[in-house]
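Below: the structure, in structure tokens.
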Amino acid sequence: MDIRSYNSTAWDAQVEQNNEWTVPVDSETVARARRGDWDVLLTPTIPVPRDWFPKLADCDTLGLASGGGQQGPILAAAGACVTVFDNSAKQLEQDQVVADRDGLAIKTVQGDMADLSAFADASFDLVFHPCSNCFAENVIPVWRECYRVLRPGGLLLVGFTNPAVFIFDSPLMEEGKLVLKNKLPYSELTDLSAEERQAFIDKSEPLWFGHTLDDQIGGQLAAGFCLTAMFEDSDPKNPLSQFMHTYIATRSVKPI
């Protein structure tokens, strides 16, 4: 299976199904951001601390795998020069809808988060990468590309799923049952039965990958980043959140 092509089509379908991460922000949210009253999410519920950001005025910002008309328009309204990069054409259309509706200058580019060859070295001051690398088969190239396209002193803000989520049986977890099943790293290409995988495909759901902390955090460090801050968050719909945080956000800098 060509996972990039499949997940691109699956996320197009998620837009049609009004997945919560595909619904664009409204005009009032954009207006508040223009007045300096804004926040954005890397993880499900906790806004990213404002002191994690550089000054956004004229800040060249890459919204990496962040289509959906949510974070990109808010950052653009707050003053950033935003490029939204995503694998799904329909997710990018959501950003364009907000840009056209509210008069925002947002550039949209379709592509694979592990291949940022569309951009020159040192093109951006900020890479904003909300929870989405669970749809990439290999996350290490993502960090290398982020490092390459950032300018010295540039910031990488990332959200990702706690790897522990992936060791449990996913269908049973949806029923509120926590049953250990999988080893890490996890891949729905290889760790699901053919029947389980077909059930995801029949519902046009993206296929997921569970990366280790070695790859999520160690991979950033190996690429050359310096980790400066982090926080944990949870998805209240996930029963595992009764016992531990299920998401992690990190702030890293490319040294000068």
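Observations
- Close contacts from the range 190-211, counting a first residue that is without any contact (Cβ under 8 Å) to a residue 24 or more places away in the chain and a second that is in a loop (DSSP other than H, G, I, E, B) and surrounded by 15 or more Cβ atoms within 10 Å (Cβ to Cβ), with Cβ to Cβ under 7 Å and a gap of 6+ residues or different chains, come to Asp191/Asn182; Arg197/Glu188; Phe200/Glu188; Phe200/Leu207.
- Segments classed as helices (runs of 4 or more DSSP H), wholly inside the range 161-240, with at least 1 members that are modelled with pLDDT under 95, buried (at least 18 other Cβ atoms within 10 Å of the Cβ) and of a type in the set (Val, Ile, Thr): none
- Answer residue from the range 169-215, given it is touching a helix residue (DSSP H, G or I) at 6+ places or on another chain (Cβ under 7 Å) and of a type in the set (S, T, N, Q) and is nearest to Trp11 (Cα to Cα) among those: Ser204
- Any hit, the range 132-149, residues being under 17 Å from the mean Cα position of the chain (by Cα) and among the small types (Gly, Ala, Ser): yes
- Looking across the range 1-43, just one residue is aromatic (Phe, Trp, Tyr), more than 15 Å from Phe200 (Cα to Cα) and more than 17 Å from the chain's Cα centre (by Cα), and that is Trp38.
The values are calculated or read from the model by the stated rules, or taken from the named source; none is laboratory data. All values reported here derive from a predicted model rather than from experimental measurement. Positions of Cβ are generated from backbone atoms using ideal geometry, with glycine treated the same way; all protein chains shown enter the neighbour counts.
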